[in-house]
Amino acid sequence: MPESDSRRWPVVWLLFAGILIAYVDRGNLSLAAVPVMRDLSLSPTEAGTLMSAFFWTYGLFQFPAGWIIDRYGLRGTYALAFLVWSVASAAMGLAQTFGQILALRLVLGLGEAIAAPASLAYIKRHFGEQEQGLPTGIYISGLMLGPAVGALLGGMLIETMGWRPLFVLTGLAACIWLLPWWRWAPRDTPRTSAVQAAPAAAKMPGIRIAAGLGISAFFYSYFWYFCLTWLPSYLVMTRGFSFGQMGTWMAMPLAAMAVSAMIWGRVADRMVARGAPALAVRRRFAGAGMLAGCSMLLVLLAQTPNQVLAVLMVSLTGVGLAGANYWAITQCLATGATIGRLVGYQNTLAQAAGATAPLLTGFLIERMGGFTPAIVVAGASPLLAFAAIMLLRQPDPR
């Protein structure tokens, strides 16, 4: 192994914390959407545009971010990106107009674009194939716990202090993360010099694999970003929840989702370690989780808050089962030299879904008079992701 566990695992937990903070920051506007719309006189379509704007720069910068990581490593690029997005998030608490929030959301997306390619590249380069499920599950649990932590904290802050302190406090407090990152993160990865020396040997996967990864990334992410952007407003606007209750009802299934990702990532690791084909194991787990995610459609039939919670628990726990193993599929199919670029491609399509989900949802709410059509679209998305995952096969090594 390139490093001892005493150095690898602290970095994994810092990647967990970094992506958790990123998801708190990107999700704050979704939690505060109702008071922001009221205070700034915004329509649902305008609010959806603000939620979507993050993904415009986030998605467009995925390929450049992957190249930067493959070329220069993680330490300095991630630190600079983290500082940029934290300041942008804090500044949103001072914004007075639609245009100001729009500009800051664009900067936020630009900064956060480094996080996913950097995290998965580190895991690919520092953990063997049979080990990758657990660190990937830890990383994935961070992006799932981020909205859970944000929902609890955000609901409390909005109810007691208003929406502006939410942005300022979470944005500035997050900068503490930079201190341990600078201490523990490697100055460069052991394989980076090889990547630079032999770019011609870095062969990207074929069309079938690229299509399967891209399509599944889009529809998996459409579902996830619907939950991240508009589900809190659904609970407040349609179900009549207070901000405090909304925070709790969002946090519980998201926390269960994170635990599910870690548990099933570890189970898959053990199966691979015992000799099961890595890609087949990851694909089956990811597919089963996507099918469970479709149960989100049942929220339309729920009559009580507890029934709503039960549906969210089943749906999001299922997506947690998919999460760690879905991203580990990418690691099975990529080489160390191409992982940053392949994740960048995959994340570009994922963030295209991120841009589409809040914008389309806001449009459907405004034009159709409610959330039902938007929930139908979101609930069907994991089924399409499942179909695309079934396309994936190990490439011919020749």
TODO: Please determine, in degrees from 0 to 90 and to the nearest 10, the orientation of helix 243-273 with respect to the longest principal axis defined by the Cα atoms of the chain, where the helix direction is its Cα long axis.
DONE: 20 degrees
Open item on the list: Using Cα springs under 10 Å in a Gaussian network model of the chain, which residue among ILE140, ILE114, ILE101 shows the largest mean-square fluctuation?
Closed with: ILE101
Task: In degrees, nearest ten, helix 98-112 long axis to first principal axis of the chain (Cα) - done: 20 degrees
Open item on the list: Just to be sure I follow: if Rg is taken over the C-alpha atoms of the stretch 203-284 and Rh is the Kirkwood radius over the same atoms, what is Rg/Rh?
Closed with: 1.13
Task: Rg and Dmax of the chain, Cα atoms only, in Å - done: 19.8, 62
Open item on the list: Output needed: percent of Cα pairs per 10 Å distance bin for the stretch 230-274, bins running from 0 to the one holding the longest distance.
Closed with: 26, 31, 20, 16, 7
- [ ] Sort LEU383, LEU153 so that the residue with the fewest other Cβ atoms within 10 Å of its own Cβ comes first and the one with the most comes last.
- [x] LEU383, LEU153
- [ ] Compute the acute angle (0 to 90°) between the alpha-carbon long axis of helix 133-160 and the principal axis of greatest extent of the alpha-carbon atoms of the chain; round to the nearest 10°.
- [x] 20 degrees
- [ ] Counting helices only, and only those DSSP H runs with n ≥ 4, report the 222 nm mean residue ellipticity of the chain as the sum of -39,500 (n - 2.57) divided by its residues, in deg cm²/dmol to the nearest 500.
- [x] -26500 deg cm²/dmol
- [ ] Arrange MET246, MET161 by Cβ neighbour counts within 10 Å, fewest through most, would you?
- [x] MET161, MET246
Open item on the list: For GLU129, GLU112, GLU46, which order do you get if you count the other beta carbons within 10 Å of each Cβ and list the fewest first?
Closed with: GLU129, GLU46, GLU112
Task: Largest-first ellipsoid semi-axes for the stretch 244-300, taking √(5λ) over the Cα gyration tensor eigenvalues, angstrom - done: 29, 15, 5
Task: Tail beyond 24 Å, pair distance distribution of the stretch 24-138 (Cα, percent) - done: 36 percent
Task: Whole-Å distance, taken between Cα centres, linking the stretch 207-276 and the stretch 15-60 - done: 17 Å
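Please compute, over every Cα-Cα pair in the stretch 286-376, the percentage with a separation greater than 22 angstrom.
The proportion of pairs with Cα distances above 22 Å equals 45 percent.
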Open item on the list: Considering the Cα positions of the stretch 118-194, please state its Rg to one decimal place and its Dmax as a whole number of Å.
Closed with: 16.9, 53
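A short reminder: the numbers here are calculations on the coordinates, not readings from a lab. What you are looking at is a predicted structure, and each value in this text was computed from that prediction instead of being measured. Because the Cβ atoms are built from the backbone with ideal geometry, glycine has one as well, and the counts that use them run over all protein chains shown.
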